[in-house]
Amino acid sequence: MKYQRLKSIAVQVHLAERVRKRLIKEGALLKGYKIKKDNDYVYFPVKKSTTLPKGVDKYSVVNKAFEKKEQHICSYKELVSLPEELKQELPTSYDVIGQILLIKLPQSLQHYKKRIGEALLKADTHIKTVCVIDPVRGELRTRTIDVIAGEQKTTTIHREYGLEFFVDVQKTYFSSRLASERKRVASLVQPGETVVDMFAGVAPFSIMIARYANPKIIYAVDKNREAIKLAKTNVRKNKVLDKIETIHGDAKDVRTLIPCKADRVIMNLPFSAFHFLPYALTLIEEKGVLHYYDILSEGMLTERIDEIKTIGRQNNIKLTTSRVRKIKTYAPREFYIGMDITATTMPM
């Protein structure tokens with residue numbers, strides 16, 4: 001706490017609100033400090049060089065130690081010096097993973113990226129590194145990272161629901177915005193289930209399920225070797241070694257990688273999960289649940305659901321979408337969609 005001795009006036013408690021309004025009206029109240037109060041008086045800090053307004057000057061003038069108010073910045077946008085016509089292009093959202101902030105900038109703002117990065121650091125003192133990112137690409141789910149402010153690093157520890165995840169934002173995929181979705185899926189897992197996480201990354205879905213449900217076993221699969229290395233670390237860190245088996249491999253080979261059938265399959269590979277549906281269905285014996293994720297525009301949703309059902313029929317499995325959710329906005333008019341799909345093998 002920061003205190004400073006300031007000129008103030010002592011006003012009886014029952015008169016304080018009337019005097020406060022008068023001081024504000026006359027521009028005499030010193031802002032930025034917390035008003036003090038005791039049983040009999042309220043003490044208002046006043047500007048040192050200001051002559052007290054008539055009627056207020058009759059109150060006692062005393063020196064008091066006042067606590068300085070914390071300045072709350074509503075947005076990093078208030079701190080960035082930009083040409084006026086560009087301010088409306090500043091992003092309104094970004095991702096925070098541990099102490100690293102990830103933001104996408106349009107081409108028009110690239111020249112000012114260092115200013116923007118410094119403003120983001122000032123607006124949130126928890127953040128140590130600011131990165132400009134490109135979209136996630138490929139089955140390894142990596143992206144180009146440009147550190148524009150703060151510490152030159154891409155590794156961090158992200159915490160959610162009492163769990164800790166080591167993440168390298170340059171070499172692996174991780175979304176902090178899926179925290180509640182991971183917890184929701186964990187709440188649906190029944191005791192004794194076998195779960196396959198086809199695109200596990202650093203294993204946040206798998207670890208959330210292992211910690212907050214009671215599955216028989218979870219197979220966490222990923223093609224990205226760096227992701228699997230971190231997944232192994234995270235499994236040990238969160239003390240769920242007895243529940244999770246991490247596997248480095250291609251999800252197309254999932255039937256040979258997994259030694260048994262699954263009750264539940266997690267398919268968190270936006271843009272590409274659709275192409276892996278036939279492989280996921282080979283894991284279903286009689287009945288199971290798929291947690292399927294995709295990035296779609298609103299106009300594509302009905303078409304995609306029909307396509308999913310068609311793939312099911314081609315594999316002699318009835319696919320029923322029981323819940324469809326917009327989890328987050330990915331881009332203008334595009335959404336990160338989650339579907340809970342019941343898969344039931346049809347009689348021959």
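Overview of values
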{"quantity": "Condition check for K318: part of a strand (DSSP E or B), over 24 Å from D263 (Cα atoms) and not assigned by TED's automatic domain parsing to the domain that holds I103", "calculated": "no"}
{"quantity": "Restricting the range 199-219 to residues that are farther than 20 Å from R177 by Cβ and not charged (D, E, K, R), the residue that is surrounded by the most Cβ atoms within 10 Å (Cβ to Cβ)", "calculated": "I218"}
{"quantity": "Listing of strands (runs of 3 or more DSSP E) fully contained in the range 128-197 that carry 2 or more residues being crowded, with 19+ Cβ neighbours inside 10 Å, touching a residue at least 60 places away in the same chain (Cβ under 8 Å) and touching a helix residue (DSSP H, G or I) at 6+ places or on another chain (Cβ under 8 Å)", "calculated": "163-168, 194-197"}
{"quantity": "Within the range 108-162, tally of residues that are among the aromatic types (F, W, Y) and out of contact with any Lys or Arg (no Cβ under 9 Å at 6 or more places or on another chain)", "calculated": "1"}
{"quantity": "Every residue from the range 27-41 that is more than 17 Å from K69 (Cα to Cα) and buried (at least 16 other Cβ atoms within 10 Å of the Cβ)", "calculated": "A28, Y41"}
{"quantity": "Check on L102, at pLDDT 90 or above, surrounded by fewer than 19 Cβ atoms within 10 Å (Cβ to Cβ) and not assigned by TED's automatic domain parsing to the domain that holds V11", "calculated": "no"}
{"quantity": "Any hit, the range 144-158, residues being in contact with an Asp or Glu (Cβ under 7 Å, 6 or more places away or on another chain), modelled with pLDDT under 95 and either within 22 Å of E334 (Cα to Cα) or charged (D, E, K, R) (or both)", "calculated": "yes"}
{"quantity": "Candidate set from the range 322-348 (those that are at pLDDT 90 or above and in contact with a Lys or Arg (Cβ under 8 Å, 6 or more places away or on another chain)); member that is farthest from S175 (Cα to Cα)", "calculated": "T345"}
{"quantity": "Residues that are under 29 Å from the mean Cα position of the chain (by Cα) and assigned to a strand (DSSP E or B), drawn from the range 255-287", "calculated": "R264, V265, I266, M267"}
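The values are calculated or read from the model by the stated rules, or taken from the named source; none is laboratory data. Computed from a prediction, not measured in an experiment: that's the story for all the values here. FYI the Cβ positions are ideal-geometry reconstructions off the backbone, even for glycines, and counts take in every protein chain you see.
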